[in-house]
1. Could you please give the count of residues in the stretch 148-191 that are aromatic (F, W, Y) and more than 15 Å from ligand 1 (Cβ to nearest atom)?
2. I want to confirm something. Restricting to the stretch 302-311 and keeping residues that are over 23 Å from C83 (Cβ atoms) and within 15 Å of the chain's Cα centre (by Cα), which single residue is surrounded by the most Cβ atoms within 10 Å (Cβ to Cβ)?
3. Mind checking which residues of the stretch 81-96 are polar (S, T, N, Q) and either over 12 Å from H192 (Cβ atoms) or near ligand 1 (Cβ under 10 Å from one of its atoms) (or both)?
4. So which pairs qualify, if the first residue must be in the stretch 81-93 and under 16 Å from K160 (Cα atoms), the second must be of a type in the set (V, I, T) and part of a loop (DSSP other than H, G, I, E, B), the Cβ gap must be under 7 Å, and the two must be at least 6 apart or on different chains?
5. Going through the stretch 208-229 one residue at a time, which ones are of a type in the set (A, V, I, L, M) and within 16 Å of ligand 2 (Cβ to nearest atom)?
6. Give the residues of the stretch 112-122 that are polar (S, T, N, Q) and either in contact (Cβ under 8 Å) with a residue 60 or more places away in the chain or surrounded by 15 or more Cβ atoms within 10 Å (Cβ to Cβ) (or both), sorted by residue number.
7. Output the residue which, of all residues in the stretch 318-337 that are of a type in the set (A, V, I, L, M) and modelled with pLDDT of 95 or more, is nearest to ligand 1 (Cβ to nearest atom).
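The values are calculated or read from the model by the stated rules, or taken from the named source; none is laboratory data. Please read all numbers here as calculations on a predicted model, not as lab measurements. All Cβ positions, even for glycine, are placed from backbone atoms using ideal geometry, and neighbour counts span all protein chains on display.
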Amino acid sequence: MKASALKTFCFTLERIEFFLKNIKEIIEKLSTTQILSKEEIILLLNIDEDSATPLFEAANQVRLKYMGNDVHLRGLIEISNHCIKSCNYCGLRKENINLTRYKMNKNEILNSVNIAIDLGYKTIVLQSGESNVFPAEEIVEIITFIKEKGLAVTLSLGEKDNDVYKLWKEVGADRYLLKHETADPTLYQALHPDMSFAMRRLCLKNLKDLNFQVGSGCMVGLPEQTLASLADDLLFMQEIDVEMAGIGPFIPSPNTPLAHNSTGTVFMTLKMLAIARLLMPLAHLPATTALGTIHPQGRQLALQAGANVIMPNITPVHYRKLYEIYPDRISLGDKVKLDKLISSLGRTIANDAGHSPKMKLP
Ligand code: SAH
Ligand code: SF4
């Protein structure tokens, strides 16, 4: 090797060593303090596969210490795919006229709830596009039924007036899932021509003030998304003190303006999850369906990088096909497979409702 090449080589090695030492220090600091600057988060998001193992291991340790070995199962019922919004990434957007729209009737929903009970699930998540096909009062009846059966209720029905959120809380809804999608206001505006980040933030604040356990979250790999904006996503969720953080890859959906963009990567999603666990040790973190859709081991990898929740889809199959936010969604209806997946990782299925551990804090 020529002297100049040798010099460059040694310099590179030195830089790598410095970088790795830095990373190690950041991870150690984060495991104990839960404080990280935006620059430090960006540094962690930048690490390559060879250096990421300590990050995933630290997240797994913190998950074990704060959330234990239990995996919480939340039965997801997609009650309608009607939507009045135009989110550029989503197959349910109102402009998609190629989609047959549906609304489950009350009996169909109650049947799905009973199936969830038979499967041993302790939480029902009611999700839909954003629309008024379900008047607030109809949701009240469904919440009341589920609460009478002794299950926890999570709603994921989009942005609503505070009065509506209040009504649903008063009749017993426990949690609300409203992902902020991206904390980058410019990107948010570009993706949501008919919405605003300020309104999203206000809804999340209203839900918090009403004492809902609040879930938010973001997509990873959106077009034009930078590492700085991903760092902001994590800091935003830490700032509003979410009880749950749903972090999944963006998957391009046909019949949307982003149909030809690229999919978010498994690796970046796992790094986001792991850092989320270190920043928010008491937050529930789902191993998302989106991650399982882009990688056959996606959910297993997530459960080993900080995640502790799975949301099996219990929507009747003929409707599930129509809830096409993105294509080829996997579903984990098969309880035997799910049990195997969880036990193969040395984990257990929770037998309580899995409320936020923060609710028990003084
Ligand atoms: N209408 C409600 C809930 C249904 S959409 C709402 O918007 O809050 C549920 C989630 O699907 C959204 O929060 C979004 O993060 C996710 N989603 C939609 N399109 C997606 C895509 N193409 N790739 C990955 N996730 C997507
Ligand atoms: Fe509608 Fe939600 Fe899809 Fe936006 S993300 S188009 S609000 S279903």
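1. Filtering the stretch 148-191 down to residues aromatic (F, W, Y) leaves 165, 168, 176, 188.
Add one more test, that the residue is more than 15 Å from ligand 1 (Cβ to nearest atom), and what stays is none.
Residues meeting the conditions: 0.
2. If we filter the stretch 302-311 for residues that are over 23 Å from C83 (Cβ atoms), which is where we start, we get 302-310.
Next cut, within 15 Å of the chain's Cα centre (by Cα) only: 302-303, 305-310.
Numbers: A302: 27, L303: 24, A305: 26, G306: 31, A307: 29, N308: 24, V309: 24, I310: 23.
The selected residue is G306.
3. N81, N88, N96
4. Close Cβ pairs satisfying both conditions: H82/V133.
5. To start, the set of residues in the stretch 208-229 that are of a type in the set (A, V, I, L, M) comprises 210, 214, 219-220, 222, 227-228.
Result: M219, V220, L222.
6. Step one: of the stretch 112-122, the residues polar (S, T, N, Q) are 112, 114.
S112, the sole residue that qualifies.
7. So the first thing to find is which residues in the stretch 318-337 are of a type in the set (A, V, I, L, M), and the list is 322, 325, 330, 332, 336.
Subsequent filtering for residues that are modelled with pLDDT of 95 or more retains 322, 325.
Details: L322: 13, I325: 4 Å.
Top of the filtered list is I325.
Conditions (1) among the basic types (K, R); (2) over 20 Å from the mean Cα position of the chain (by Cα), marked per residue:
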site: K24; (1), (2): yes, yes
site: E28; (1), (2): no, yes
site: A52; (1), (2): no, yes
site: A59; (1), (2): no, no
site: G68; (1), (2): no, no
site: L99; (1), (2): no, yes
